[in-house]
Amino acid sequence: QVQLVESGGGLVQPGGSLRLSCAASRSISDFRAMGWYRQAPGKSRELVASISSGGSTNYGDSVKGRLTIARDGDKNTLYQQMNSLKFEDPAVYSCYASIGIVPYWGQGTQITVSS
């Protein structure tokens, strides 16, 4: 069983920055891949970023250049640093981790952008 707990969401002004964390209940070296998805009301779920066990990263077009995904094996934690937040970024951001083809999900954390 895998548990993922996100934190760091909240209210941010346009142009601001936010860092999300996703703490895993087991060593992140067990995961084939980890990443973040987001879903806004009325919209389909969208890949934000992912990182493979080998360290390869992939970013969604809407966040490229504004977001960095990283992980800390000592803390078993995945991070997402998002800068220059826009009005189109608000959503529930969910962390995932996969073991083989089986994905596990966190409960999600809300990001709100408002001036």
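The values are calculated or read from the model by the stated rules, or taken from the named source; none is laboratory data. Here the structure is a predicted model, which means the values were calculated and not measured. We place every Cβ from the backbone using ideal geometry, glycine too, and count neighbours over all the protein chains shown. Heads up: the accessible areas ignore ligands, DNA and RNA and are worked out on the full protein's heavy atoms, side chains in. Shrake-Rupley method; radii C 1.70, N 1.55, O 1.52, S 1.80 Å.
Averaged over residues, the count of other Cβ atoms within 10 Å places the peptides 54-60, 5-11, 93-99 in the sequence 93-99, 5-11, 54-60, highest first. If you bin all the Cα-Cα distances of segment 64-115 at 10 Å, starting from zero, the percentages per bin are 19, 46, 29, 5, 0.
Summary of the geometry: segment 26-77 and segment 85-115, compared by the centres of their Cα atoms, lie 9 Å apart.
For Trp105 and Ser84, what does the FRET efficiency come to when R0 = 25 Å and r is the distance between their Cβ atoms, rounded to the nearest 0.05? Once rounded, the FRET efficiency stands at 0.40. Shown for segment 1-59: the carbon plus sulfur share of the solvent-accessible area, taken with all protein chains present and a 1.4 angstrom probe, equals 43%. Taking 7 Å steps out from each Cα toward its Cβ at Gln1 and Asp30 produces label points 1.2 nm apart.
Accessible surface computed residue by residue for segment 1-97, with neighbouring protein chains in place and a 1.4 Å probe, gives 51 Å² per residue.
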